[in-house]
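Here is the structure we will look at.
Laboratory data are not the source of any read-out in this text; all were calculated from the coordinates shown. Only a predicted model underlies this, so the values are computations on that prediction, with no experimental measurement involved. All Cβ positions, glycine included, derive from the backbone under ideal geometry; neighbour counts span all protein chains shown.
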Amino acid sequence: MSRNALELWVGLFVVAGLAALAMLALRVGNLSTVNVTDAYKVTASFGNVGGLNVKAPVTMAGVKIGRVSNIQIDREDYSAIVEFSIDRRYNNLPTDTSAAILTSGLLGAQYVGLEPGGEDTYLKQGDRIEITQSAVVLEQLIGQMLFSKAQGDG
Amino acid sequence: MTSIRGLGRWVINSVLRLGRATVFLTATLLGVVLILRRFRLIVQQVFAVGVLTVLIIVVSGLFVGMVLGLQGYNTLVDFGAESSLGLVVALSLTRELGPVLTALLFAGRAGSALTAEIGLMKATSQLAGMEMMAVDPIERVMAPRFLAGFVAMPLLAAMFTAIGVLGGYLIGVGLLGVDSGVYWTSMQEGVDVYDDILNGVMKSVVFGFVVTWIAVFEGYDAVPTSEGVSRATTRTVVIASLAVLGLDFILTSLMFSEV
């Protein structure tokens, strides 16, 4: 095989390999959907986050508008502080927006649902959502039901 | 008594081989630095090691992806979760099957050829001839082959994974009726560029290094007879495959322990 043909084949090989990598990053992975720079962060405190994970979606009216970026414990009152990064396009969330930890389906993954309020002022970077609803822990719910049933019988 | 002596001899030989392999690797890596000036030698080897392996990689990737699509669908549909088919296919390919199967195929297709070629060069005294002409065979023969394998393997693994995802798409969307948009979004939701894809690429880089090292060393260390070359070729495939599977377990437990 001539030298030119050989170099052409190797060049094609490298291009095909890099194209496959690019396809993996853009089409298969989430490189095209994540814009870390174009987000602002708000926090909310919950009594119990249940099985919520970092990177879980944050939705409003069922539409994904951000991700959970951090979860930690408040040293003062032992509640969970959840930090959301929300897409800069949705910077008009009222300050009295409420946050709830919901489950997709009966046993599905947990996510955060935001419900807009009626204030005229909007949430900014570093603000805190005051009205929150903790995750529903199924075991606790069943436990409470059994307990109240037992009390009713006795 | 003789069995204990046999064990001792085996241990001493193994340690000696490991030592020779390490010395050889150091010399090869030094040779790689020197050989960078002679780019054409590397291009030639990338052709032999990489381009000629593309066909088997593409065909295997397509079929593995198609089987994953079929099996994944049959299991997921029982739970009404066939919408995560794309995620199942993509995660198993990027994390495990892409790098590992490519490395195994690479060892069988390119590694054995490398060992046989170098072993035969040794058996026909070509390497000794080079030394007589004051050409360092490690720099002239081993280094470009080693570098070519190291470069080609991650590219091949990326091709395998990409084709596999398309194969899963072909079966899942084309044949079984999963929605095309759902296939891709479930994938993009769940596959992380750093946690999954970059770790998969790192795996393939490590496998490329190890498989090529074993292949080139076995050829260089072969007994210079026709039987010795055939044994060395077999050993390349066996040792490289075992090394890939063992290393894969170690790398997985290091990379994905927290995920």
Would you mind giving the mean number of other chain beta-carbons within 10 Å of the Cβ of each residue in B:54-62, as a whole number? 1
For helix A:3-23, what angle does its Cα long axis make with the longest principal axis of chain A, in degrees from 0 to 90 and rounded to 10? 10
Grab the other residues whose beta carbon is less than 11 angstrom from that of A:Met60, score K and R as +1, D and E as -1, and report the net. -1
Return the distance in nm (one decimal) between the two label points of a simple spin-label model at B:Asn13 and B:Arg231, each offset 7 Å from Cα along Cα→Cβ. 0.7
Quick one: B:Leu247, B:Leu85, B:Leu29, B:Leu18, fewest Cβ neighbours within 10 Å first, how do they rank? B:Leu18, B:Leu29, B:Leu247, B:Leu85
Projected label distance in nm at A:Leu8 and B:Ile250, using a 7 Å step from Cα toward the beta-carbon: 4.4
Helix-derived [θ] at 222 nm for chain B: sum -39500 (n - 2.57) over DSSP H runs of at least 4, divide by residue count, nearest 500? -25500 deg cm²/dmol
Please compute the average number of Cβ atoms from other chains found within 10 Å of each residue's Cβ in peptide B:41-48. 4
In nm, give the distance between the simple-model label positions of B:Ser180 and B:Ala128, each being 7 Å from the Cα along the Cα-to-Cβ direction. 6.4
Against the longest principal axis of chain B, how steep is helix B:226-255, in degrees 0 to 90 to the nearest 10, with axes from Cα atoms? 40
Report D for chain B in µm² per second (integer): Stokes-Einstein, Kirkwood Rh on Cα pairs, 25 °C, 0.890 mPa s. 123
Give me the percent relative contact order of region A:39-142, please, defined on Cα pairs under 8 angstrom at least 6 residues apart. 35
Per residue, how big is the convex hull of the protein assembly as shown when only Cα atoms are used? Give it in Å³. 257
May I ask for the net charge around B:Phe47, where only other residues with Cβ less than 13 Å from the Cβ of B:Phe47 are counted and Lys, Arg are +1 while Asp, Glu are -1? +2
Output ordering of A:129-141, B:216-228 (per-residue mean of other Cβ within 10 Å, highest first) is B:216-228, A:129-141
Among B:Thr2, A:Thr97, B:Thr115, what is the fewest-to-most ranking by other Cβ atoms within 10 Å? B:Thr2, A:Thr97, B:Thr115
Degrees, to the nearest 10: B:199-220 long Cα axis against longest axis of chain B: 30
Specify the inter-centroid distance of region B:213-236 and region B:175-189, based on alpha-carbon positions, in whole Å. 47
